[in-house]
Each structure stands twice: as C-alpha cells, then as structure tokens.
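Trainee: Let me give you the structure first, and then I'll get to my questions.
A short reminder: the numbers here are calculations on the coordinates, not readings from a lab. If you're wondering where the values come from, they're calculated on a predicted model, not measured in any experiment. So basically every Cβ, Gly included, is an ideal-geometry build from the backbone, and we count neighbours across all protein chains shown.
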Amino acid sequence: MNARRLFLLASLSLTLPCVAGELIIPLVTYYDYAPFHSAEDSADLTHELAALLTRESGGRYRFVPTLLPKKRIDNMMQFQHWQGVIAWTNPRFFYDENKTRYLWTEPLLVEADLVVSHIDAPVKFAGLDTLRGKVLGTVLNQRYADVEPMLANRQLRRADAPTLESNVRKLLLKRVDVVFISRSALSGLRHRIPDFESQLYIAPQPRNTFTRHLMLTPGLPPAVISYVQQTTAHFEHNPAWRDLTLRYHVDGQVPH
C-alpha cells in the first residue's frame, strides 16, 4: 500500500489504522521545497525522518510522510479526532506560543529566516522599517505575523505566488522587491536556480531566528506521543540523525 493510500486511510479513521502489525501515523509537512520535500523522488528530510522514526520504533509504528497545503492542515486541525504529526513547524505558526493547544517535541533544528533581494536593488535589512514601501513576494495562504501590521496599513505590499521557488523566480525578474527564505532552503534553491548566487543579495541580518519542532495532535495515543517525544529528545546523540543534518545542510545544533 503506497504512502498516499496509507495517509487517506489514517485521515478517514477515528482511530489510527494498523497494517501488518504497525500503527500507521501521518507525518505531514506543508513545506513544498528542499530539503523538506522533493518533487522528483523520496530523497528529502521528511521521508528520511519518517523512515528513522519507523526504524527506531522496532515495528510498532509506521510514519507516513505526506505533503499538504498549510490551509488544508489548518482545516484538518479543526476536527478533534484527527491524529497526526506535523513536521518542521513552530508553536507560533499555529498560534500556540504557550504550548497549550497541541503537544510538541523539543527543538530539532535551528533556523533563520533570511531577507533576499535583487543585487541591482539590495535591501540591507536592519529591521522591519527597512521593508517599508517594498513589494514582498509571499507564498499563498502563508502567515507572516511580524509584518501583518505593515501589510494592513499598506506600508508593505504582498504579492502571492504558489511556491517559494516561484517567488524567487519573480524576484530574479524584478517583479517583487524582497523574499523571505529560510536558511535551510538555500542549498536546494542554489542547485535549482543557476542565477541565484550571481543575481540575488542576502542581507547579513536575518529577519528572525526560530526552532523547528514536531507538533503532535492531542488525540494521538499516549504511547505514540511518549515515543515521539522521547525518541526525538535524544536525536543529538543519534548518529543517523546527525548524518541527516549534515547531508541535508540543516542546523541540528540546538542550544539547551
């Protein structure tokens, strides 16, 4: 049974399905770019994490990697019975800064959101005021909490595109002034877009820094929640996890 059918089975069930003795658990990401997702094959960090969590469980669980739009995930979260794990996110992305609505792992990755502009009109970011009067290339349905007041007051204009890569290509054509790019996405974008290095400017000061976690829905069985939280808490000592962070050029050196 392929990953999509397994995910649909898990999504439509009030209880997690069991296949060949393994409990099927959706591992969902809304990031549609490398290193979190690969359109060509299964060589991405989400598939690798699903495989690692599956192996470490010793046959108890099978984690099924699935890409879904953020808006659909938000809608699914309205159903209290839905059970799953959301990968690579942060409590503030789900309005859960106090971690009271959902369950969370310890940080897995340290991330920085970079401010990228065209080399012919570099934006030397030094705070949000630097963006005043600019056109920001944004991803459809994605929330940008820190600049929402500027967007509402028309001090900054939003121009949506379906994907991050689409935004970068618009920036190369000078159809937008600035794009926010996570540091972990740089390697993949540089590989896919030959002009990235020569035509774009990355401001030395990032827009912000944050950590990436796994979010667990409260409806998951307590044994699954405990397994995921305890297993990921020891990732810093796990050679397989350290190898993944090196291969995919992400920062797993989480401060404690």
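Trainee: Taking the Cβ of L109 as the centre, find all other residues whose Cβ is under 15 Å away and add up their charges (Lys, Arg: +1; Asp, Glu: -1).
Mentor: -4
Trainee: Moving to a separate point now. Neighbour counts of other C-beta atoms within 10 Å: give me L27, L52 arranged from fewest to most.
Mentor: L52, L27
Trainee: For the pairs K70/K174; K71/K124; K71/K134; K70/K124; K71/K99; K70/K99, flag any whose C-alpha to C-alpha distance is greater than 23 Å. Please list the in-between numbers first.
Mentor: Values: K70/K174 27 Å; K71/K124 32 Å; K71/K134 26 Å; K70/K124 30 Å; K71/K99 20 Å; K70/K99 19 Å.
In this structure, K70/K174; K71/K124; K71/K134; K70/K124 lie more than 23 Å apart at Cα.
Trainee: Here is a follow-up. Could you tell me the relative contact order of the chain? Use alpha-carbon pairs under 8 Å, at least six residues apart, and round to a whole percent.
Mentor: 26 percent.
Trainee: How many nm separate the modelled label positions at M76 and D243, each set 7 Å beyond the Cα in the direction of the Cβ?
Mentor: The answer from the label model is 2.9 nm.
Trainee: Fewest first, what order do I24, I225 take by the number of other Cβ atoms within 10 Å? Don't skip to the answer; put the middle values down first.
Mentor: Details: I24 21, I225 17.
Starting with the residue having the fewest Cβ neighbours, the order is I225, I24.
Trainee: For the chain, state the average projected area of the convex hull of the C-alpha atoms over all orientations, rounded to one decimal in nm².
Mentor: Taking a quarter of the hull surface, the average projection is 14.1 nm².
Trainee: State the Cα centre-to-centre distance between segment 204-251 and segment 69-133 in whole Å.
Mentor: Each part's Cα centre sits 15 Å from the other's.
Trainee: A follow-up question, please. Under the rule that an exposed site lies in a DSSP loop and has at most 13 other Cβ atoms within 10 Å, name the longest stretch of the chain with no GluC sites (Glu not before Pro) of that kind, not counting the sites themselves.
Mentor: After excluding every exposed loop site, the longest remaining stretch is 98-256.
Trainee: Moving to a separate point now. What residues of segment 103-120 lie in the reach of a label at V254, counting those whose backbone N is under 13 Å from a point 7 Å from the Cα along Cα→Cβ?
Mentor: Flagged as within label range: 104-111.
Trainee: Then there's this: Cut-off 18 Å, label point 7 angstrom out along Cα-to-Cβ of Y201: give me the residues of segment 109-138 whose amide nitrogen falls inside.
Mentor: Inside the label zone: 114-137.
Trainee: If I histogram all Cα-Cα distances within segment 136-250 using bins 10 Å wide from 0, what percent of pairs lands in each bin?
Mentor: P(r) for segment 136-250, in whole percents per bin: 11, 31, 29, 22, 8, 0.
Trainee: Restricting to segment 86-231, compute how many DSSP beta bridges are antiparallel as a %, nearest 5.
Mentor: Roughly 70 percent of the DSSP beta bridges within segment 86-231 come out antiparallel.
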